[in-house]
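To start, the structure itself, in structure tokens.
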Amino acid sequence: MALQALQSSGVTFRKILSHFPEELSLAFVYGSGVYRQAGPSSDQKNAMLDFVFTVDDPVAWHSKNLKKNWRHYSFLKVLGPKIITSIQNNYGAGVYYNSLIMCDGRLIKYGVISTNILIEDLLNWNNLYIAGRLQKPASLAVSQEFTGFSL
């Protein structure tokens, strides 16, 4: 059975993405905020939207995002984009998440991963975190360099 994406989700995704730096090579969104879920508590209008942003240059991207969205970051923002990127790339699954963000009236969280780390994880399953997210239904929100890549 094919899962049905929520109506007008493409417009919602584009509006949310407009709040972030444009230098995304890929962005996808997944989870119950995107696809209808079965069950008694299936209120998708209030479900969190889970994004992953893929960027070629995480230091430059975090630098721009800190200027636009300072409040999204934890206390690490005071350490700057180089430290944030170092933590992103060298600890855990290679993804830096900002969570519980209100954006255009929707609750979102977004993870930032470098293009190289994403490709390595998809090819070699280094830590299976992002590869695992893509095993679930996901919707492509934007793609620049990944033409032909489909979810």
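Rule-based calculations on the coordinates, nothing more; no lab input. These numbers were taken from a predicted model, which means no experiment stands behind them. Cβ coordinates were reconstructed from backbone atoms using ideal geometry, including for glycine residues, and neighbour counts include every protein chain displayed.
Taking H placed 1.01 Å from N in the peptide plane, check which residues at least 5 places from Tyr97 or on another chain put their amide H under 5 Å from its amide H.
Val112
Report, in debye and to the nearest 20, how large the dipole of the range 38-142 comes out about its Cα centre when Lys and Arg carry +1 and Asp and Glu carry -1 on their Cβ.
About 400 debye.
Among 124-136, 53-65, 102-114, how do they line up from the highest to the lowest mean number of other beta-carbon atoms within 10 Å?
53-65, 102-114, 124-136
Once you place label points 7 Å from the Cα toward the Cβ at Met102 and Ala131, how far apart are they in nm?
Reported label-point gap for Met102 and Ala131 is 4.0 nm.
Could you check the spin-label model distance between Ile87 and Leu123? Points 7 Å from the Cα along Cα→Cβ, value in nm.
Simple spin-label model gives 2.9 nm for this pair.
Cross-link partners among lysines for Lys77, C-alpha distance below 24 Å, same-chain residues fewer than 8 apart left out?
Lys64, Lys67, Lys68, Lys109
Spin-label point model (7 Å from Cα, Cβ direction): what's the Glu23 to Val78 distance in nm?
2.6
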